[in-house]
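Q: Encoded as structure tokens, here's the structure I'll be asking about.
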Amino acid sequence: LIQAISTLLMVQLVAMVMWHQYVTKILLQRELQATNAALQQQQQALQTLAERDMLTGLYNRRKFIQIAEQELARTARMPAATSLLVVDLDHFKRINDQFGHPAGDAVLQHAATLLAGHVRSTDTVARLGGEEFIVLMPHTPTEGALALAEKLRLALRGNTLDWQGQCICVTASVGVSSACAGAH
């Protein structure tokens with residue numbers, strides 16, 4: 001009887017130890033999964049910081065250059081016209097001086113939204129810096145680029161920004177450059 005009781009106690013003790021190890025393993029796996037998920041989120045956040053302009057959400061200059069180099073390599077393999085627009089907001093210093101830098105930031109965000117909303121999904125819009133933006137248009141000859149430049153210029157001019165009860169008019173100058181199919 002004593003041997004049976006001690007065997008039973010030993011079996012229960014082994015079962016409790018095994019249960020404890022199992023629960024510990026499950027908890028550690030869950031903690032590892034949570035840590036991995038947090039690391040992936042942090043990695044995505046770092047990727048965003050490396051590629052995006054924090055004010056406008058557009059690609060930054062470095063990411064734009066990377067995309068442009070890839071597009072130029074593609075056009076070297078499969079020739080097609082490629083165009084660029086450089087959009088420079090007019091009198092931006094005056095906006096900052098008259099309304100303040102928070103208003104200037106709002107103007108940049110407003111312009112970025114308008115620009116991104118008026119291009120094709122295959123086009124790339126980026127902020128070069130300051131009040132300058134750039135648009136890469138694959139498979140777009142000069143005529144198409146000129147048409148888009150005018151469309152963007154009119155969209156900016158025609159959509160004033162309401163800033164704390166005051167209307168801020170935004171205009172831009174747009175430069176156009178095109179490379180013919182296969183030309184470098």
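Q: Taking only Cα atoms, what is the 0 to 90° angle, nearest 10, from helix 101-117's long axis to the longest principal axis of the chain?
A: Around 90 degrees separate the two axes.
Q: Per DSSP H run of n ≥ 4, the term is -39500 (n - 2.57); total these for the chain, divide by its residue number, and report the mean residue ellipticity at 222 nm rounded to 500 deg cm²/dmol.
A: -20500 deg cm²/dmol
Q: Putting +1 on Lys and Arg Cβ atoms and -1 on Asp and Glu Cβ atoms, find which of 40, 81, 130 reaches farthest to the positive end of the dipole of segment 1-138.
A: Most positive-ward Cα: 40.
Q: Under 8 Å for C-alpha pairs, at least 6 residues apart: give me the relative contact order for segment 34-184, rounded to a whole percent.
A: Relative contact order, segment 34-184: 32 percent.
Q: Go ahead and set up a Gaussian network model of the chain, Cα springs under 10 Å, then flag whichever of 18, 78, 54 fluctuates most.
A: 18
Q: Averaged per residue, what accessible area in Å² does segment 1-65 show with a 1.4 Å probe, protein chains only?
A: Normalised by residue count, the accessible surface of segment 1-65 is 87 Å².
Q: Of the accessible area of the chain, with the probe set at 1.4 angstrom, what percent is carbon plus sulfur?
A: Its accessible area is 59 percent carbon and sulfur atoms.
Q: Let me ask something additional. So how strong a dipole does the chain carry about its Cα centre when Lys and Arg Cβ are +1 and Asp and Glu Cβ are -1, to the nearest 20 debye?
A: 460 debye
Q: Using θ = phi - 60° and the Karplus relation 6.51 cos²θ - 1.76 cosθ + 1.60, list the HN-Hα couplings for segment 54-68 in order, rounded to whole Hz, with x at every Gly or Pro.
A: My calculation for segment 54-68 gives 5, 7, 9, x, 6, 4, 8, 4, 4, 5, 4, 4, 4, 5, 5 Hz in order.
Q: Here's another thing I want to ask about it. So what is the accessible area of segment 127-184 per residue, in Å², with the probe set to 1.4 Å?
A: 53 Å²
Q: Apply the Karplus parameterisation 6.51 cos²θ - 1.76 cosθ + 1.60, with θ equal to phi minus 60°, to every residue of segment 154-169 and state each ³J(HN,Hα) to the nearest whole Hz, in sequence, with x for glycine and proline.
A: Values, residue by residue: 5, 5, 5, 5, x, 10, 6, 9, 8, 10, 6, x, 10, 8, 10, 8 Hz.
Q: Once label points are set 7 Å from the Cα along Cα→Cβ at both residue 19 and residue 4, what is their separation, rounded to one decimal in nm?
A: Simple spin-label model gives 2.3 nm for this pair.
Q: Shifting gears a bit: Hey, can you grab everything whose amide H is under 5 Å from the amide H of residue 52? Only 5+ residues off in sequence or another chain; H modelled, so Pro and N-termini drop out.
A: Under 5 Å from the amide H of residue 52 lie the amide H atoms of 60, each far enough along the sequence or on another chain.
The values are calculated or read from the model by the stated rules, or taken from the named source; none is laboratory data. All values reported here derive from a predicted model rather than from experimental measurement. Positions of Cβ are generated from backbone atoms using ideal geometry, with glycine treated the same way; all protein chains shown enter the neighbour counts. Just so you know, the surface numbers come from the protein's heavy atoms only, side chains and all, with ligands and any DNA or RNA stripped out. Shrake-Rupley method; radii C 1.70, N 1.55, O 1.52, S 1.80 Å.
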